[in-house]
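Below is one structure, written out as structure tokens; the observations come after it.
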Amino acid sequence: METRNSFTFELSETQQAALIMILEGGNFKAATVPYSIIAVDADHCRVVLYQSGKCVVQGKGAQDFVTFTLEPLVLMSAQVGYEDILHPEALAPHIGVDESGKGDFFGPMVIASAYTDQAIVEKFREIGVRDSKKISTDKRILEIAREIRKILGNRFTLIQISPGKYNQLYSKMRSVNAMLAWGHARAIENMLDIIPTCPRAISDQFGSKEQVQRALMHKGRKVELVQMHKAESDLAVAAASILAREAFVLGLKKLGDQHGVKLPKGASDLVQIAAVELIKKHSPGVLLETAKCHFRTTDSVLARVQQTRTVLGPAGAAVSAPYDRSKFSGGKKKNPE
């Protein structure tokens, strides 16, 4: 098994006190890290205890520090190097499901499923598969996604919900969690068409498990469905998260190219500026095909373009005219993102 160079642990108050005592009393060089209680440079690694109670150990010597200091003196348990013994289910055949684009105003929402077994897990470890949120650049997402697809062959599926389809579904379901449940169920069902004997599926917790179970069809109801907090620690889910993010990134770029405006991720002020540019270049209706229109961002964008929008009123006079918000929210009261 390859040597890891990054570890994160949630420490109790007792464990934090033990770690502080070790770091203050040892032969370590103090480091300055924002929001930390204590940070030091140890032998070929940096150890940081954050105010949140999270301990992060990073560097070439991280695994040795965890194995010979953190585990025996702070955690009081051996975990590193024993993951397969402590969690044998991680190697057993199963499906991982995750989504991308849920919190992004522009672009599709993508749900991916990926299959793993022991041989695939070992290959995923070799190429550094991890939660897509821990991968900082789109370039790296695309690189790792390519490697994942080579390893999986046809053993993954993608449910890509375009903004236009997303807005239609939301106007009917009125709930993002209901849409996620539907998408997760479809991703699981599609994977079972490829590997019908797979016994288990894992996803992150986003709502009640019963929502997904109700959305599953005949094949899916035979599968054990597991919802976990921080499910991306499972390599099948992590692989699904990367594949979903790849599809989202490519889908967002394609939409921007089609409409002649670079579309940013998220729902920041930069996103609003791009949306105003998009409307001025086309019309307000373009949001229905490029954005998730139940977001509060829609109101902010329409308010911005309203300041410059005029129409011809009585006797040809130019007057201000509000946009019909119901067109962007299914005719019902808008929900926040």
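The values are calculated or read from the model by the stated rules, or taken from the named source; none is laboratory data. Source: prediction; values computed, not measured. Here the Cβ is made from the backbone with ideal geometry for all residues, glycine too, and neighbour counts use every protein chain on show.
Per-structure values
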{"read-out": "Those residues of region 1-38 which are hydrophobic (A, V, I, L, M, F, W, C), surrounded by 12 or more Cβ atoms within 10 Å (Cβ to Cβ) and under 30 Å from LEU91 (Cα atoms), in sequence order", "value": "PHE7, PHE9, LEU11"}
{"read-out": "Some residue of region 186-198 being crowded, with 23+ Cβ neighbours inside 10 Å, in a strand (DSSP E or B) and touching a Gly at 6+ places or on another chain (Cβ under 9 Å)", "value": "no"}
{"read-out": "Test: residue in region 13-33 that is polar (S, T, N, Q) and within 24 Å of ASP131 (Cα to Cα)", "value": "no"}
{"read-out": "Options LEU288, LEU252: the member that is among the aliphatic types (A, V, I, L, M) and closer than 24 Å to ARG146 by Cα", "value": "LEU252"}
{"read-out": "Extreme residue, surrounded by the fewest Cβ atoms within 10 Å (Cβ to Cβ), among residues of region 39-75 that are in a helix (DSSP H, G or I) and aromatic (Phe, Trp, Tyr)", "value": "PHE68"}
{"read-out": "Verdict on LEU252 being modelled with pLDDT of 85 or more and not in a helix (DSSP H, G or I)", "value": "no"}
{"read-out": "Among residues of region 255-282, those that are closer than 20 Å to LYS165 by Cβ and at pLDDT below 95, counted", "value": "2"}
{"read-out": "In region 95-148, the residues that are buried (at least 24 other Cβ atoms within 10 Å of the Cβ), small (Gly, Ala, Ser) and farther than 23 Å from PHE7 by Cα", "value": "SER100, GLY101, GLY107, ALA112, SER113, ALA114"}
{"read-out": "Meets criteria (basic (Lys, Arg), farther than 30 Å from MET191 by Cα and either in contact with a Cys (Cβ under 9 Å, 6 or more places away or on another chain) or at pLDDT below 90 (or both)) for LYS60", "value": "yes"}
{"read-out": "Any hit, region 230-242, residues being closer than 16 Å to ALA181 by Cα, among the hydrophobic types (A, V, I, L, M, F, W, C), more than 18 Å from the chain's Cα centre (by Cα) and in the same structural domain as VAL97 (by TED's automatic domain parsing)", "value": "no"}
{"read-out": "Boolean, ARG174 is in contact with a His (Cβ under 9 Å, 6 or more places away or on another chain) and modelled with pLDDT under 90", "value": "yes"}
{"read-out": "Any hit, region 204-213, residues being closer than 23 Å to GLY128 by Cβ and at pLDDT below 90", "value": "yes"}
{"read-out": "Subset tally (residues that are part of a loop (DSSP other than H, G, I, E, B) and within 29 Å of GLN258 (Cβ to Cβ)) for region 125-153", "value": "3"}
{"read-out": "Extreme residue, surrounded by the fewest Cβ atoms within 10 Å (Cβ to Cβ), among residues of region 209-223 that are touching a residue at least 24 places away in the same chain (Cβ under 8 Å) and outside any helix (DSSP H, G or I)", "value": "MET217"}
{"read-out": "Odd one out for GLU122, checked against (1) in a helix (DSSP H, G or I); (2) at pLDDT 90 or above; (3) within 30 Å of LYS222 (Cα to Cα)", "value": "(2)"}
